[in-house]
Amino acid sequence: MKVIFLDIDGVLNPAYHMHALHFHQKYGGVAEDAYGYLFCPHTLEHLAYIVEHTHAKLVISSTWRKKGLTFMQDLWHHRGLPGEVVDITPVIDNIRGEEIAAWLQPNEVENFIIIDDENYLLPNQVPYLVQTDMNYGLKLSDAQQCIALLNQS
Ligand SMILES: [Mg+2]
């Protein structure tokens, strides 16, 4: 199994998108559903592109996962988001690199990548990080980098 450790804020919820949602909401538009703020459609296209070309599964590493695996899976199904959420990383005092290491330890994976706008990783995880710009989120060039990393032998 190929695995994507997925952050959400700054990846699927970039700053420009959040500004637009708040503006939209101010004038009566819909910015949220029962699960929270709606994600940026452009970044979702790029996530779909990665999944289509790698068949990787999603493990949520974002703080959004603190609502639980079932919540995240329901959110994914309800919104029809790309990819399958198979798990969440354990919560260990917010040290994301250690949380990812703790998940990887008992799980056998073919390849993995970490998509995050921040780098709170262990040094040996940095080569697997595709770091997004929190202003723009997951861009096409990021997605291409993800595909190259996940498909390398
Ligand atoms: Mg983030």
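Throughout, read-outs are computed from the coordinates displayed, never taken from laboratory work. What you see is a predicted model; the values in this text were computed from it and never measured. So basically every Cβ, Gly included, is an ideal-geometry build from the backbone, and we count neighbours across all protein chains shown.
Values for this structure:
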quantity	calculated
Nonlocal amide H pairs with Phe112, under 5 Å, H built at 1.01 Å	Val3
3J(HN,Hα) from dihedral phi, the stretch 69-85, Karplus parametrisation 6.51/-1.76/1.60, rounded to Hz, x for glycine, proline	5, 4, 4, 5, 5, 5, 4, 4, 5, 4, 8, x, 7, x, x, 10, 7
For Tyr136, distant residues with modelled amide H under 5 Å away	Ala15
Where GluC sites (Glu not before Pro) fall in DSSP loop in the stretch 11-96, at most 13 other Cβ within 10 Å	Glu84
Other-chain or far-sequence residues with amide H under 5 Å of Glu84's (modelled H)	Leu58
The stretch 53-105 - Kirkwood radius from inverse mean 1/r over Cα pairs (Å)	11.7 Å
For the stretch 11-76: Kirkwood Rh in Å [reciprocal of mean 1/r, alpha carbons]	13.3 Å
Base-10 log of normalised Debye intensity for the stretch 18-153 (one unit scatterer per alpha-carbon) at q = 0.17 Å⁻¹	-1.03
Charge dipole (the chain, unit charges on Cβ, about Cα centre) - positive-most of Ala34, Gln144, Ile114	Ala34
Value of [θ]222 nm, deg cm²/dmol, for the chain, DSSP H segments ≥ 4, -39500 (n - 2.57) each, nearest 500	-11500 deg cm²/dmol
Rounded to whole Hz, the Karplus (6.51, -1.76, 1.60) HN-Hα couplings of the stretch 37-42, x for glycine and proline	5, 6, 7, 6, x, 5
Nitroxide proxy distance, nm - points 7 Å out along Cα→Cβ at Glu84 and Leu104	2.3 nm
Gyration tensor verdict on the stretch 101-153 (Cα atoms; rounded if a/c is under 1.5, prolate if a/b is larger than b/c, oblate otherwise)	oblate
